[in-house]
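Please read the structure below before turning to the comments.
The values are calculated or read from the model by the stated rules, or taken from the named source; none is laboratory data. Values in this document were obtained by computation on a predicted structure and should not be read as measured data. Counting neighbours? That spans all protein chains shown, and the Cβs are built from the backbone with ideal geometry, glycine included. Keep in mind that these areas ignore ligands, DNA and RNA; they rest on the heavy atoms of the full protein, side chains included. Shrake-Rupley method; radii C 1.70, N 1.55, O 1.52, S 1.80 Å.
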Amino acid sequence: MKTRRTWKLNGKTVTADIPGIRRLLDVLREDFGLTGAKEGCGEGECGACTVLLDGEPVAACLIPAAQVPDGAALLTIEGVARTRAGRVLQQAYIDAGAVQCGFCIPGMVLSSYALLQRNPRPTERDIRTALSGNLCRCTGYAKIVAAVRLAARRLREEAK
Amino acid sequence: MIPNADTPRIVFPKDLDEACRLQANPRTRGRLIAGGTDLMAQWAAGVPVPERIVSLKNLPELTGIALTPDLVEIGAATTHAAIRDDARLRPLLPALVAASSSVGARQIQATGTLGGNAANASPAGDTAPALLVTGGLVLLASVRGPRTVPLDQFWTGYRQTAAAPDEIIVSFLLPPRGRAKETFRKVGTRAAQAISKIMIATRVLVKKGSIEHAAVAMGSVAATPVRLTALEQWLQGRPLTESLPEEAAAVVRETVHPIDDIRSTADYRRWAAGQLAADALRALL
Ligand SMILES: Cc1cc2nc3c(=O)[nH]c(=O)nc-3n(C[C@H](O)[C@H](O)[C@H](O)COP(=O)(O)OP(=O)(O)OC[C@H]3O[C@@H](n4cnc5c(N)ncnc54)[C@H](O)[C@@H]3O)c2cc1C
Ligand code: FES
Ligand code: FES
């Protein structure tokens, strides 16, 4: 039995026929070819599979795609990379030296993007709380926090 | 990866009535799924995926937060994020707001629900102690009709609840704190995503320097989340003095019976339980 769902995926209306409890992560990666979301732990712990559902970070490995309601807005790193704030974030991650192997980075950028959308002036604590569901095995987080601060500053300056 | 994820039949009843009818018949009954954060993690870890799944996603009766002067009703399918972000709730049920804010990280809070946390009946569920200190009720529904169960009778054993196999948790009916003070704390291995080692919620009303009413609940100190009734009785009517917190800690250490498991030892939990109770009372001084 399949469940048919229609979503706004990275701004485009798409339809998916979803068998059983196929995970949102598999639908995005395999059915839509959006491989930016990664599978790390597959159990909700690492955040590598983070995507934005109606603007909020969620773990795509924990969500049966059929549970994502019709009309929902899904944003993956491929979509965020086409936005102004997404590009500023990506550049800030590069400039701050916050990227090593890169596996965690799509999820990190999405959690950072959601944070800056709701709070353009986050404190270090706000940033650490917002990113606490995204694990990085390489960087030790300091440069990631610096990247988000840098992006926040650049976006605020642009808005002036 | 979830083995056989494509095979189960997932159905989306459109209201509570239809969901109750599905659950009434063993042939149409399915595993209830709300946010799925617990279930999907279990299935990914190798627990077999059931043949039938009934989604609670579309049930209007299970969502939303309603306020009346002496009762807060929170639908079972309300997410931790909705509880965390509802500014009206913070002054009324601060311990619950703190508990929901401490469940996993932002990704889990956006998806996981209060009803799922309660039904999961883990002794380490974060919201249970905060629910318990309210002295409130759980509203259950089935084709046999609705009924309420006091929260302190809801968790009956390790991962067991008072809900029958065909019953659905509809909502939580919670008296707000009034003039009492509430606290919530969780001592885990790491702030986010930690499966709690131990947590405490308190609701204490102090009048003229004495404790008029005390509700204290803990998680991970027994097979179920529990109210510390021995401590509550001991506290009742006692003047709030400098030495009270330490004396209370001793009462807690004599009366809790924690378990050893992979996350912690019974001795550590007994010590920490006393400490947490003392800290909560110190906050009132
Ligand atoms: C990475 C990660 C971190 C976590 N961290 C924490 C944490 O810090 N603290 C914590 O307490 N929990 C934590 N959890 C557990 C989980 O996220 C919570 O328990 C959450 O509230 C479960 O809600 P859900 O809607 O996702 O439940 P689901 O997975 O949908 O369901 C859980 C159980 O409840 C039943 N159920 C759901 N709704 C109802 C209902 N209305 N009536 C009857 N039965 C129902 C289901 O059948 C199932 O047995 C974590 C989980 C993950 C994956
Ligand atoms: S892959 Fe989803 S949280 Fe790790
Ligand atoms: S850069 Fe390697 S995991 Fe974060």
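Where nothing but the Cβ of Lys and Arg (+1) and of Asp and Glu (-1) is charged, how large is the charge dipole of region B:60-174 around its Cα centre, in debye to the nearest 20? Show your work: numbers first, answer last.
Numbers: 7 positive and 9 negative charges, 35 e Å.
That gives region B:60-174 a dipole magnitude of about 160 debye.
Compute the angle between helix B:266-282 and the longest alpha-carbon principal axis of chain B, please, reported from 0 to 90 degrees and rounded to the nearest 10.
70 degrees
Where does each of B:Glu232, B:Glu247, B:Glu242 land when they are ordered by accessible area, with a 1.4 Å probe and the largest first? Show your work: numbers first, answer last.
Details: B:Glu232 20, B:Glu247 80, B:Glu242 155 Å².
Final ranking, largest accessible area leading: B:Glu242, B:Glu247, B:Glu232.
If you take every residue apart from B:Arg177 with its C-beta less than 14 Å away from the C-beta of B:Arg177, what net charge results, scoring Lys and Arg +1 and Asp and Glu -1?
Numbers: positive: B:Arg88, B:Arg90, B:Arg179, B:Lys181, B:Arg203; negative: B:Asp70, B:Glu182, B:Glu212.
Charge balance in the 14 Å sphere: +2.
How would you classify the protein assembly as shown from its alpha-carbon gyration tensor, with a ≥ b ≥ c the square roots of the eigenvalues: rounded for a/c under 1.5, else prolate if a/b is greater than b/c, otherwise oblate?
Values: a/c = 1.94, a/b = 1.30, b/c = 1.49.
Oblate.
Give, rounded to the nearest 20 debye, the magnitude of the charge dipole that the protein assembly as shown has about its Cα centre when Lys and Arg contribute +1 at Cβ and Asp and Glu contribute -1 at Cβ.
Working: 55 positive and 42 negative charges, 192 e Å.
With only Lys, Arg, Asp and Glu charged at Cβ, the dipole is about 920 debye.
Once you've got the GNM for chain B with C-alpha springs shorter than 10 Å, pick whichever of B:Arg269, B:Arg88, B:Arg31 has the biggest mean-square fluctuation.
Ranking B:Arg269, B:Arg88, B:Arg31 by mean-square fluctuation puts B:Arg88 first.
Lys/Arg Cβ at +1, Asp/Glu Cβ at -1, dipole of the protein assembly as shown taken about the Cα centre: which of B:Ala215, A:Gly102, B:Pro239 is farthest positive-ward?
So the residue we want is A:Gly102.
When ligands, DNA and RNA are left out and all protein chains stay put, how many square angstrom of accessible area per residue does chain B have with a 1.4 Å probe? All intermediate terms of the calculation are to be shown ahead of the outcome.
Working: 12160 Å² over 285 residues.
Roughly 43 Å² per residue, with all protein chains present.
Per-residue Cβ counts within 10 Å, from other chains only, averaged over A:104-115: what number is that?
Working: counts 0, 0, 0, 1, 0, 0, 1, 3, 0, 0, 2, 1.
The mean count of partner-chain Cβ atoms within 10 Å per residue comes to 1.
What is the Cα centroid distance between region A:11-54 and region B:56-95, reported in whole angstrom?
The distance from the Cα centre of region A:11-54 to that of region B:56-95 comes to 28 Å.
Local charge sum around B:Glu242 (other residues, Cβ-Cβ under 15 Å, Lys/Arg +1, Asp/Glu -1)? Numbers along the way, then the final one.
Details: positive: B:Arg238, B:Arg282; negative: B:Glu246, B:Glu247, B:Asp279.
In short, -1.
Taking the Cβ of B:Thr255 as the center, what net charge do the other residues with Cβ under 14 Å away carry, scoring Lys and Arg +1 and Asp and Glu -1? Walk me through the numbers before you get to the answer.
Numbers: positive: B:Arg227, B:Arg253, B:Arg269, B:Arg270; negative: B:Glu232, B:Glu247, B:Glu254.
Neighbour charge sum, excluding B:Thr255 itself: +1.
Using +1 at the Cβ of each Lys and Arg and -1 at the Cβ of each Asp and Glu in chain A, identify which of A:Val68, A:Ala48, A:Gly140 lies farthest towards the dipole's positive end.
A:Gly140
Which value in deg cm²/dmol, rounded to the nearest 500, describes the helix-derived mean residue ellipticity at 222 nm for the protein assembly as shown, given -39,500 (n - 2.57) per DSSP H run of n ≥ 4 and division by the residue count? List each step's numbers first, then the result.
On the way: 16 runs with 145 residues, N = 445.
Helix-only estimate at 222 nm: -9000 deg cm²/dmol.
Just counting partner chain Cβ atoms within 10 Å, what average do the residues of peptide B:6-12 show around their Cβ?
Working: counts 8, 4, 5, 5, 11, 3, 4.
Partner Cβ neighbours, averaged per residue: 6.
What is the magnitude of the charge dipole of chain B about its Cα centre, with +1 placed on the Cβ of each Lys and Arg, -1 on the Cβ of each Asp and Glu, and no other charges, expressed in debye to the nearest 20?
220 debye
Mind ordering A:61-67, B:11-17, B:54-60 by average Cβ neighbours within 10 Å, highest first? Walk me through the intermediate numbers first.
Details: A:61-67: 27.0, B:11-17: 15.3, B:54-60: 20.3.
Descending mean neighbour count gives A:61-67, B:54-60, B:11-17.
Give the percent of DSSP beta bridges with both residues in region B:139-285 that are antiparallel, rounded to the nearest 5.
Working: 29 of 29 bridges.
Taking every DSSP beta bridge with both residues in region B:139-285, the antiparallel ones total about 100 percent.
Please compute the average number of Cβ atoms from other chains found within 10 Å of each residue's Cβ in peptide B:41-50. Mind dumping the intermediate values first?
On the way: counts 8, 1, 5, 7, 2, 0, 0, 0, 2, 1.
Going residue by residue through B:41-50 and averaging, the value is 3.
If B:His213, B:His257, B:His80 are ordered by their accessible area, calculated over protein heavy atoms with a 1.4 Å probe, which sequence runs from highest to lowest? Can you show the working numbers first?
On the way: B:His213 80, B:His257 140, B:His80 5 Å².
Ranked list, largest accessible area first: B:His257, B:His213, B:His80.
Estimate the FRET efficiency between B:Asp260 and B:Arg238 by the formula 1/(1 + (r/R0)^6), using the beta-carbon distance for r and 35 Å for R0, to the nearest 0.05.
On the way: r = 32 Å, r/R0 = 0.92.
Efficiency at R0 = 35 Å is approximately 0.60.
Provide the packing ranking of B:101-107, A:5-11, i.e. peptides ordered by the mean count of other C-beta atoms within 10 Å per residue, highest first. Don't jump to the answer; show the numbers that get you there.
On the way: B:101-107: 25.0, A:5-11: 17.4.
Put in order of decreasing packing, that is B:101-107, A:5-11.
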